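Engineer: One structure follows; several queries about it will come next.
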Amino acid sequence: MNNKALPFYTGVFLISGLVMTLQILQSRILSVTSWYHLSFLVISIAMFGLTMGALKIYRSSEEEQRKNYGAIARNNTIGFAIYILLALFIQLYIPIISDNAFKTIATLPLSALATSMAYYHAGVAITTCLTRAPFPVGKTYGVDLLGAGIGCIFALAMMETIDAPSAVLITSAIAFLSALCFPLHKDDNGEVKCGDKIIKPKKLALTMSVFTLALAAINVLSPTTLIYPLWAKNVYLPMSKIDYEEWNSISRVTVFNEEVDTHPFAWGASPIFPYDMKVTGKFLTIDGDAGTPITKFDGDFSKHSYLEYDVTNIAYSLPNLNKAAIIGVGGGRDLLSAKYFGVDKVTALDVNPVQIKLLTTYPEYRDYSNLYKQPGVTILNEEARSWFRQNTEKVDIIQMSLIDTWAATGAGAFALSENGLYTTEAWGIFMNDLNDNGVFTLSRWSASIMDDTGRSLSVAIATLFNQGVTDVTKQIALFNSDNIATLVVAKSPFTPEQIAALRKTAEEKQYTVALLPDQPVPEGLLGELLNAKNIDELNAISDKQFYDVSPSTDMRPFFFNQARLTHPIEVSKLALKPLQDGHFVTRGQAKATFNLYLIILFSAVVVGLVIILPLLKTVEDKGSTFIKAGTFYFMLIGLGFMFMEISLLQALGVFLGHPIYGLSVVLFSLIISAGIGSLISEFVTLDKLPKQLIWCFLTCAYGIGMSMTLSDIFYQYAEVDIMTRVMISVAIMSPAGLLMGFGFPTGLRLTEQFDTRATAWFWGINGAAGVLGSSIAIACNIALGIDQTLIIAGVCYALLSISFLALSNAKKITT
């Protein structure tokens, strides 16, 4: 092997892996500093930056690049490492989002610019290595893909070991070191002139690597974290307010150091709530906002009688409750409630291992909440759907209360994010684990039926329909107090004894009784939903509403989004209204949808000004069949690829239990399989029209096939362990990646037969379509459903046949 080959391939492996690592880490940090849906913006920004870097190479002198490929790769890898640091500190110390939409418009581009510059330099370095280095392209590409795949795993490993900001620092440090791997030309003295100064990149890279690694080590080992998000969801949150902090791959958990000794906390307080009582506690937050109290408990339940005055606990007034399951134990509030009301055996579940550790193994908080050693209590780190599918012991009550917070809901935190706990399939799994007289109780924010209540009721009705229930009014009760509505859904029709118990508690505590089986069906939307005869009628009723109250499903798991994307003017008006002029929850959902409008608009403007317009000037014969067909082709493969990727990413986020798992698994399996597809295309070339058409329709068929079978696959394998679900996810993604991997190299080979000068234009069109495609795909998933977006992805690949036919005819004419 050439003595330059090994260090060169090492450099390619490292920078490709670090690009993927950085995407995942930045998504995790953005989930803390901003809302979850903005984390998907990282994918668009990365594609934009990498595309711009590639275009830089294609529009510069090839001869000079081939001579100095090592210096170009080295210098731009150093640039990549520098901008990683700059983007990190902007994300941590500047509030990216604001209650004021116009402030968000001002700050979000700043973060996007710094982030895109990191990927731009990475794009220059990687493209140089792939197209200008004197090493076999196939081998270089293989190393590139291997590095990218390992980078996904490396990101997960770091997130489970250290905090995300420190992981980004380590990513930057390794990037500085990887720059030293690229060999220089024999005439290159290793110096770069910058104005009047001479810079030695090797010395700079070594110095910065040591400095950055030392900074990461200090941050990890220091008793008090030094580098952390100063702003979380537009809230100033210095470490001086935090007593405990821990990151993992799905969250950043913090506990405030202030111990509150005041009146008891209640989600939905009764009008006669005993505010004169005193309770001691602390507050735990997840990703800077989703919060839950940790109540100090000394074993004396008599000190916590206030729990009787919270509407979230009304289901505990039912008789014969001996076994309970809690979904989302958080700081232990619902677990404390279950034991207070005398439930003998309680199993509390949470997908987040940090919260489980705080309740069971971390001495300070374990003994503070003092729930782990209560008789009959089991606290498990489990994903709820999987645990219930494996569970063989029926329970009397399942409680799921507010798996977010008022502030998060009001800001639209989850409105564009998938959630697998609020779908008809999930609730069906929960209902199947109830005893014959058991109940599933859910509490959601609700000052009016147009908040989460309407959709909660819709999901409950659809779940009962799926279980063969025809008269749902006999199995649903609904109560309201303050800003909380509690839904109680029975496995079998409520008995007179159960109805009497619920009514007695509601009257004593002065809760509003919205629904009970022995009272008339109310007028308005709730009544319309209850009178629906099937799921189609539920959807038809929802279609007539300004807000979407249709039942969420695994293929459309956006429970928290009710602001319709198809009403941009009305949604924008509501998002921009002062708080007092619009309700908190619906306004928050409108803000999230408005943010998606802004992201799509921002992406379109940047793509148009930075990619399309400059490149358009380089295209000489804009009206030729070749240019039209080629443009159509590269636009379609960019859109089709992103529609398939984002759809499967959000679907697998539900299947695997958390969006970050979906992101990591999808990126890993898609990159590897698409790379293999690209390599295979070098040997199994689509050089004839019949082969091209077969590939088009095979890829289309796979997308449509996935749209028809994903729900069944998810249901069939819901009970298996997480590693098995990961393997199933890889098996789902790999054929898609393998087929889609043929698209880009086939298009380049085909179009280069006409005019190699158009390569930059086609590359830019593909990148632009990819940048826009990620945001548009999220919009389609929300508005239409993941299954429908997969069909659209398939149709994009089927439409490629038009380009193939046009290019085939153009080739015949030219010959």
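The values are calculated or read from the model by the stated rules, or taken from the named source; none is laboratory data. None of these values were measured; they are calculated from a predicted model. Quick reminder, even Gly has a Cβ in these numbers, built from the backbone with ideal geometry, and neighbours come from all protein chains shown. Just the protein is used for accessible areas: all its heavy atoms, side chains included, with ligands, DNA and RNA removed. Shrake-Rupley method; radii C 1.70, N 1.55, O 1.52, S 1.80 Å.
Engineer: Could you please state how large a percent of the accessible area of the chain is carbon and sulfur, counting protein chains only and using a 1.4 Å probe?
Structural biologist: For the chain, the apolar C and S fraction of the accessible surface comes to 61 percent.
Engineer: Only helical DSSP H runs with n ≥ 4 go in: add -39500 (n - 2.57) per run for the chain, normalise by residue count and round the 222 nm mean residue ellipticity to 500 deg cm²/dmol.
Structural biologist: So the calculated ellipticity at 222 nm is -19000 deg cm²/dmol.
Engineer: Rounded, prolate or oblate, given the Cα gyration tensor of region 109-263, with a/c below 1.5 counting as rounded?
Structural biologist: Prolate, because a/c is 1.5 or more and a/b exceeds b/c.
Engineer: Also: Over region 679-811, give the accessible area per residue in Å² for a 1.4 Å probe, as an integer.
Structural biologist: 40
Engineer: Given H placed 1.01 Å from N in the peptide plane, which residues other than close sequence neighbours of Gly291 have an amide H under 5 Å from its amide H?
Structural biologist: When sequence neighbours closer than 5 places are left aside, the close amide H contacts are Ile286, Thr405.
Engineer: Which far-off residues, 5 or more places away or on another chain, put their amide H under 5 Å from the one on Ala348, with H placed in the peptide plane?
Structural biologist: Distant-sequence amide H within range of Ala348: Ile326, Thr378, Ile379, Leu380.
Engineer: Residue by residue through region 369-374, what is 3J(HN,Hα) from phi via Karplus (6.51 cos²θ - 1.76 cosθ + 1.60, θ = phi - 60°)? Round to whole Hz and write x for glycine and proline.
Structural biologist: Per residue, the Karplus-derived 3J(HN,Hα) values read 7, 6, 9, 5, 9, 6 Hz.
Engineer: Pairs of Cα atoms under 8 Å, at least six residues apart: use those to get the relative contact order of the chain, whole percent.
Structural biologist: So the answer I get is 13 percent.
Engineer: Convert each backbone phi in region 311-325 into a coupling constant with the Karplus relation 6.51 cos²θ - 1.76 cosθ + 1.60 (shift: θ = phi - 60°), then list the ³J(HN,Hα) values in order as whole Hz, x for Gly and Pro.
Structural biologist: 4, 5, 9, 4, 5, 6, 7, 5, x, 6, 9, 10, 10, 10, 10
Engineer: While we're on this one: What accessible area per residue, rounded to a whole number of Å², is obtained for region 251-376 using a probe radius of 1.4 Å?
Structural biologist: For region 251-376, the solvent-accessible area averages 35 Å² per residue.
Engineer: Taking amide H positions as placed 1.01 Å from N in the peptide plane, with prolines and chain starts having none, which residues 5 or more places from Ile242, or on another chain, fall under 5 Å of its amide H?
Structural biologist: Result for Ile242 returns Asn257.
Engineer: How many percent of DSSP beta bridges within the chain run antiparallel, rounded to 5?
Structural biologist: Just about 70 percent of them are antiparallel.
Engineer: Let me ask you something else. To the nearest 20 debye, what charge dipole does the chain have about its Cα centre, counting +1 at the Cβ of each Lys and Arg and -1 at the Cβ of each Asp and Glu?
Structural biologist: Taking the Cα centre of the chain as origin, the dipole is about 2760 debye.
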